[in-house]
Structure formats: structure tokens, C-alpha cells
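The values are calculated or read from the model by the stated rules, or taken from the named source; none is laboratory data. None of these values were measured; they are calculated from a predicted model. Don't worry about glycine lacking a Cβ; one is built from the backbone with ideal geometry, like all the others, and counts go over all protein chains shown.
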Amino acid sequence: MVVRYFDAHSHVHFSQFTDDISEVLTRMREAGVSTITVGCDHVTSHAARDFAHAYGLYATAGLHPSDNRAEPLDEEGIRELLKDERVVAVGECGLDYSRLGENPDEEKERQKDVFRRQVALAVEADKPVMIHCRASGKDAEQNTDAHEDCLAILKEFPGVRPILHFFTGSPEIAAKYSALDAYFSFSGVVTFAPMYNATILAVPINRILTETDAPYASPAPYRGKRNEPAYIVETLNYIADTRGLPEEEMRERVLKNVQEAFGISL
């Protein structure tokens, strides 16, 4: 298959796709879409690796900051998975201050410790770290607490290669991450939330990635439906229009960014 579009962050190996995975993969192939299917804990990271091998895709291995709080970080397990050529990043991992529970200070420290250890694994393996970062408060995208803590941790690790998954930060926050040579992955949310246009315009074009986060966050034409990697075309086209670029030029630029960010050949 000739890859024309790349979904930098999906969960296409999750149970939401079990019943019709053949059809989902067919739609991907017809659209020329490849993807990285992302692990969130021990079970889904191993499943992502196996799925990537089965279907010629890519995977990550890591522990989400808040989806499975009871699971201890399996550093050796992640280290082993990272030896696989199809496992191209650590994550998703990071900080999620939107759901801290009854002991917020304790939970923040737990998340920072688990995140810091995964960043160390990524640097050790010379692979990027796929970051989930969500601030606290009702207007989480406008707050900066989680981003400031994330930035502080990243600065502890020379050589870190950050990829900001589902980025919804401000242009000012984006500039701080840009100083660390980060990549910014935009989801389908941007297609119906014009508040993010300023950030799309502010991020360097050679640092833009596109993602679905499937099965979540479908782009505008498919809102309310399960998301899937084939829908990445909508997000790419929206970003191209926002930046005033021909869609083909934006598409080729994103593919080049993917290869540089993850060290893969398409």
C-alpha cells in the first residue's frame, strides 16, 4: 500500500473495533492511511505490538497517567517492547490533572514519577515519548498547570524527543514545547473548535502531525460516531485550509514529519 496519510495516534486495536476490524482496515487501505496504534497499559501495549505486526502498522508501549492508576509501571516490560522495530515510541504517558481524585497532591506526584520514569526509558531507547497532557479546571485547555509540570520534567532529560498527542495548548505553550524540538499532533477536534486555529498557525510546519485518537474524538463530518483512522483525511484537510496551503503540500509535509519524528520509512 502506498501511504498517503498518517494517523500518528489511534487505538485501532481496542475492543471497539473487534466486530468490524476487517472493514476498518479495508477503509484505511483504500484511503492510503497507516497508523500508530497506542498502548495505555501492560495489556494494551503488548496487544498493540502484536496488532502492528499482524497488519503492517506501528505501535507504542507505555502507561497512561490516569486510565489505570492501580497498575505499577512495568519498566522492564516496556524496555523489552521497545526493542521491537514496530514499537516506535513510549506512551501514551504524561500528566492528566483533570481527574485527580480525592488526594490531588498525592496523585500529581504519582503521575510525575511515572511520567519521569517513562521519559527516561524513551531517552535510553532513543525513541520519542508520546505525551498525554491535560490541565486542571473546567477550561483545561486554557490552564497551564500540567503543561508547566510536563515541561519541567522534559527539561531534565537532554535528548528527549517529545510528541504532544491531541495538542490543545495555546500558542504560548506551544512555543515553550517548540524550544524542546517537540512535535504537535492535532486531532479531529480542531475541525469543529476554531479556538485552536491560532495554535495550528503558530506551530512550525515541520513539527505538525495528524491523529484520530480513534475510537474517540471524531472530526466534524463524523461527530457522534466512532472514530477510525480513515477519517484522518478530514483533519489533514482542515489543517491545510487553516494554514492556507494546498492539501497535497500539507499531506506531503506531514508524511515527512512522521518519518523524522518516529524514525520510520513510509
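Restricting the range 7-25 to residues that are of a type outside the set (A, V, I, L, M, F, W, C) and either modelled with pLDDT under 95 or assigned to a loop (DSSP other than H, G, I, E, B) (or both), which is nearest to PHE184 (Cα to Cα)?
Looking only at the range 7-25, we keep the residues that are of a type outside the set (A, V, I, L, M, F, W, C), and these are 7, 9-11, 13, 15-16, 18-20, 22-23.
With the extra rule that they be either modelled with pLDDT under 95 or assigned to a loop (DSSP other than H, G, I, E, B) (or both), the set shrinks to 11, 13.
Details: HIS11: 18, HIS13: 23 Å.
Out of the qualifying residues, it is HIS11.
State the number of residues belonging to the range 176-192 that are more than 15 Å from the chain's Cα centre (by Cα) and either at pLDDT below 95 or under 16 Å from ASN237 (Cβ atoms) (or both).
So the answer is 2.
Please state which one of THR235, THR210 is in contact (Cβ under 8 Å) with a residue 60 or more places away in the chain, touching a helix residue (DSSP H, G or I) at 6+ places or on another chain (Cβ under 6 Å), under 21 Å from ILE163 (Cα atoms) and among the hydroxyl-bearing types (Ser, Thr, Tyr). Please lay out each step first, then the result.
Values: THR235 fails: in contact (Cβ under 8 Å) with a residue 60 or more places away in the chain.
Only one candidate qualifies: THR210.
Considering only residues of the range 1-29 that are among the charged types (D, E, K, R) and out of contact with any strand residue (DSSP E or B) (no Cβ under 9 Å at 6 or more places or on another chain), which is surrounded by the most Cβ atoms within 10 Å (Cβ to Cβ)? Steps first, please.
From the range 1-29, those among the charged types (D, E, K, R) are 4, 7, 19-20, 23, 27, 29; that's our starting set.
In the following step, the residues that additionally are out of contact with any strand residue (DSSP E or B) (no Cβ under 9 Å at 6 or more places or on another chain) were identified as 19-20, 23, 29.
Values: ASP19: 9, ASP20: 13, GLU23: 11, ARG29: 15.
Filtering first and then ranking leaves ARG29.
Looking at the range 54-94, which of its residues are among the hydrophobic types (A, V, I, L, M, F, W, C) and either farther than 13 Å from VAL114 by Cα or under 15 Å from the mean Cα position of the chain (by Cα) (or both)? Spell out the reasoning first.
So the first thing to find is which residues in the range 54-94 are among the hydrophobic types (A, V, I, L, M, F, W, C), and the list is 54, 57, 59, 61, 63, 70, 73, 78, 81-82, 87-90, 93.
Hits for the range 54-94 are ALA54, LEU57, ALA59, ALA61, LEU63, LEU81, LEU82, VAL87, VAL88, ALA89, VAL90, CYS93.
Take ALA217 and decide whether it is in a loop (DSSP other than H, G, I, E, B) and either closer than 17 Å to VAL88 by Cβ or not aromatic (Phe, Trp, Tyr) (or both). Let's see the steps before the verdict.
Values: in a loop (DSSP other than H, G, I, E, B): yes; either closer than 17 Å to VAL88 by Cβ or not aromatic (Phe, Trp, Tyr) (or both): yes.
Judged against the criteria, ALA217 is a match.
Name the residues in the range 141-169 that are at pLDDT below 95 and more than 17 Å from the chain's Cα centre (by Cα), would you?
GLN142, ASN143, THR144, ASP145
Restricting the search to the range 1-53, which residues are charged (D, E, K, R) and more than 23 Å from TYR183 (Cβ to Cβ)? Full working, then the answer.
So in the range 1-53, the residues charged (D, E, K, R) come out as 4, 7, 19-20, 23, 27, 29-30, 41, 49-50.
ASP19, ASP20, GLU23, ARG27, ARG29, GLU30, ASP41, ASP50, listed by residue number.
If you scan the range 26-55, which residues turn out to be assigned to a loop (DSSP other than H, G, I, E, B), under 15 Å from ALA230 (Cα atoms) and touching a helix residue (DSSP H, G or I) at 6+ places or on another chain (Cβ under 7 Å)? Before you say what the answer is, go through the steps one by one.
The initial filter retains those residues of the range 26-55 that are assigned to a loop (DSSP other than H, G, I, E, B), namely 32, 38-41.
Filter once more, keeping what is under 15 Å from ALA230 (Cα atoms): 32.
Result: no residue meets the conditions.
Tell me the residue from ASP145, ASP105 that is out of contact with any His (no Cβ under 8 Å at 6 or more places or on another chain), free of Cβ contacts under 8 Å to residues at least 40 places away in the same chain and among the acidic types (Asp, Glu), please.
Values: ASP145 fails: free of Cβ contacts under 8 Å to residues at least 40 places away in the same chain.
Within the list ASP145, ASP105, the selection yields ASP105.
Residue check, SER98 against (1) surrounded by fewer than 21 Cβ atoms within 10 Å (Cβ to Cβ); (2) in contact (Cβ under 8 Å) with a residue 12 or more places away in the chain; (3) touching a Leu at 6+ places or on another chain (Cβ under 9 Å), all met but one. Which one?
For SER98, the exception is condition (3).
What single numbered condition from (1) more than 16 Å from the chain's Cα centre (by Cα); (2) closer than 20 Å to TYR216 by Cα; (3) not hydroxyl-bearing (Ser, Thr, Tyr) fails to hold for ILE173?
Unmet condition: (2).
Quick one: in the range 222-236, of everything that is closer than 16 Å to PHE14 by Cβ and assigned to a loop (DSSP other than H, G, I, E, B), which residue is farthest from the chain's Cα centre (by Cα)?
Once the filter is applied, the top-ranked residue is LYS225.
Scan LEU164, LEU151 and give me the residue that is touching a strand residue (DSSP E or B) at 6+ places or on another chain (Cβ under 7 Å) and under 24 Å from LEU73 (Cα atoms). Break it down into steps so the answer makes sense when it comes.
Numbers: LEU151 fails: touching a strand residue (DSSP E or B) at 6+ places or on another chain (Cβ under 7 Å).
None of the other options fit; the residue is LEU164.
Which is closer than 25 Å to TYR196 by Cα and small (Gly, Ala, Ser), of ALA125, ALA152, ALA120?
On the way: ALA125 fails: closer than 25 Å to TYR196 by Cα; ALA120 fails: closer than 25 Å to TYR196 by Cα.
The unique qualifying residue is ALA152.
Residues in the range 174-213 that are charged (D, E, K, R) and assigned to a loop (DSSP other than H, G, I, E, B): how many? Don't jump to the end; show me each part of the working.
Start the filter on the range 174-213 by keeping residues that are charged (D, E, K, R), which leaves 176, 181, 207, 211, 213.
Now narrow it down to the ones that are assigned to a loop (DSSP other than H, G, I, E, B): 181, 211, 213.
Of the residues in that region, 3 qualify.
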